[in-house]
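Computed from the coordinates by the stated procedures, all read-outs in this text should not be read as laboratory data. If you're wondering where the values come from, they're calculated on a predicted model, not measured in any experiment. Ideal geometry is used to build each Cβ from the backbone, glycine not excepted, and the neighbour counts take in all protein chains shown.
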Amino acid sequence: MYLKLNLMKYFYSIIIIFSMSYSLIANTIYKYATIDEHRGCQQRLAVEGGDIAYIDVGEGQPILLIHGLPTSSWLYRHIIADLTERGYRVIAPDLLGYGASDKPQKYSLYNPEKQGDRILALMDHLNIPSWTHVMHDAGSLWSWEMMMKAPQRVSRLVILNAIAYEEGFDPPMRFKRKGWFGKFIVGMYDKKWIGKMVINSTLRSGTSKHKFTKEDKRGYWLPMQEGCNKAIYQFFTSFGDTEKRMKDYHKMFETLDMPKTIIWGAKDKFLIADIQIPMLQKAMNIKDEDVHILEDAKHFIQEEKPKEIVDIICSAR
């Protein structure tokens, strides 16, 4: 009997060790041929408002990739794969309301401050004290909020087509928070054919004749069907709040002392390089050699120029 119990303990110990080893191995492998493979590599974390899904792959210096809208970590799939191959640990979350993360009904859960808190919660959960921070589009607003509370956590800042000033920011639409029209329009985004139409139009206007596969597009419109229109509605009805908060961001810009790099699509019609970049350079004291303009790219530079972005990130350690 004693021998049998010992054998059982030994057997269960082997299973536990094997499971832990498998988890470590799985964490170094990233597959993204389909959105289902991408999601299969994600883990989940409970935060205020629900669970967020995130990628955590590779070993080495940590790099955090923050998406904007109407995107998710799927936007960074080529960059994630390349960075891990070059020896980095890459973390790429779907913020609450986007991608594979939960999409609660309460609009206030999606405000930038709460999203910034979730970024910190994720990195605390992963026990990562500091990291290279890469942000894009509305992800910059969530990142500014995070840095308002913990700027020392960011060891290097990489700015991709970000929202920093009201000038040079021309979103495709603006709605009144209490207006019925915006809620009706955005509320239709979870209908399959409308969601597809919106994503196709967004990708087309945000890139320079970039060819997307059917699966590429599916990775973007699938979250629409799952309810990410609620987070999108919050963004497009909160510009008044954002403009007021920007004054605080601008004061913070002058205090940020980590190395900074700007990478921007020259043809972006939503975030105009010629207006936003000079203002960022002056406020953050960013040298010309740390500004990289991608001449043939528009807004979604992660789709158009992923290798160039990774080359720049890796060349300025």
In debye, nearest 20: dipole of the stretch 38-133 around its Cα centre with unit charges on the Cβ of K, R (+) and D, E (-)?
200 debye
In terms of modelled amide H atoms, which long-range or inter-chain residues lie less than 5 Å from the amide H of TYR88?
GLU59
Long-range amide H partners of ASP51, meaning residues 5 or more apart or on another chain whose placed amide H is closer than 5 Å, are ASP102
Rounded, prolate or oblate: which fits the stretch 226-317 when a ≥ b ≥ c are the square roots of the eigenvalues of the alpha-carbon gyration tensor, with rounded for a/c under 1.5 and prolate only if a/b beats b/c?
oblate
Just check the stretch 42-315 against the gyration tensor rule for me: Cα atoms, a ≥ b ≥ c as the square roots of the eigenvalues, rounded for a/c under 1.5, and otherwise prolate or oblate depending on whether a/b exceeds b/c.
rounded
How do LYS244, LYS214, LYS196 rank when sorted from fewest to most other Cβ atoms within 10 Å of their own Cβ?
LYS214, LYS244, LYS196
Please list the non-local residues whose amide H lies under 5 Å from the amide H of HIS292, H modeled 1.01 Å from N, same-chain partners needing a gap of 5 or more.
ILE262, ILE263, TRP264
Distance in nm between pseudo-label sites at ILE275 and PHE239 (7 Å out along the Cβ direction from Cα):
1.0 nm
